[in-house]
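Right, one structure below, let's go through it.
The values are calculated or read from the model by the stated rules, or taken from the named source; none is laboratory data. Just so we're clear, the structure is a prediction, and the values are computed from it rather than from any experiment. No Cβ is skipped: glycine too gets one built from the backbone with ideal geometry, and neighbour counts run over all protein chains shown. These area figures cover heavy atoms from the full protein model, side chains too; ligands, DNA and RNA do not enter into them. Shrake-Rupley method; radii C 1.70, N 1.55, O 1.52, S 1.80 Å.
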Amino acid sequence: MSDEVLRVDVLAVDCADPPGLARFWQQLIGGNIEVDSDGDPTLHAPGLSLIFTKVPEAKTLKNRLHLDLRGDTYEQAIARALELGATRADDIYDGNRWQVLRDPEGNEFCILRPRPAPGS
C-alpha cells in the first residue's frame, strides 16, 4: 500500500451557466480562464483552480463546502462582491465576524475580516 499523499488540484463547481459563473469568480478573485475540449471553463486563480461544469438540476440546499475569502479591506470586498452579482446570505449567518454571500447561482462563500497586523 502506498503512503502517497494527494493534493487538491481543482475544486469543481456544478452550475447552470459555466461561462457566466467563471467570469463572476474571475472578477472577484482574479486569474485566467481556460476552456477545455468539453467546453468547461477552469479559472486558474492564485492558489486555487475552479472548474465550472454544467448540470441540469438547480442548487437546492446549503453548501457543505464553501470558499472563505480574505482581503485587505473587508467592507470594500463585500461591496465589490455585491456589485458583481453576489447576494447577502444573512439567513446562513448574520454576525459581524465574517459575511456570508451567495454567488449568482446561489453557492455560499464567506468574506473574512483582514487578519490583525502582527503585534496588534
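Some notes on this structure:
- Taking each residue of region 70-84 that is under 17 Å from Arg97 (Cα atoms) and looking for partners that are at pLDDT 95 or above and among the polar types (S, T, N, Q) with beta-carbon atoms closer than 6 Å, six or more apart or interchain, yields Ile78/Gln99.
- Long-range neighbours under 9 Å by Cβ, at least six apart or interchain, first residue within 15 Å of Cys15 (Cα to Cα) within region 44-69, second open to solvent by 80 Å² or more (accessible area, probe 1.4 Å) and in a loop (DSSP other than H, G, I, E, B): Thr53/Asp38
- The lone criterion from (1) free of Cβ contacts under 8 Å to residues at least 24 places away in the same chain; (2) closer than 21 Å to Ile111 by Cα left unmet by Met1 is number (2).
- Of the residues contained in region 76-91, one or more are found to be of a type in the set (Lys, Arg), closer than 25 Å to Ile33 by Cα and in a helix (DSSP H, G or I).
- Residue list for region 20-60, filter: part of a loop (DSSP other than H, G, I, E, B), farther than 19 Å from Leu84 by Cβ and not hydrophobic (A, V, I, L, M, F, W, C): Asp36, Ser37, Asp38, Gly39, Asp40, Gly47, Pro56, Glu57, Thr60
- Candidate set from region 93-106 (those that are in a loop (DSSP other than H, G, I, E, B) and either within 13 Å of the chain's Cα centre (by Cα) or of a type in the set (Lys, Arg) (or both)); member that is surrounded by the fewest Cβ atoms within 10 Å (Cβ to Cβ): Arg97
- When restricted to residues that are touching a residue at least 12 places away in the same chain (Cβ under 8 Å) and surrounded by fewer than 16 Cβ atoms within 10 Å (Cβ to Cβ), region 107-120 contains 4.
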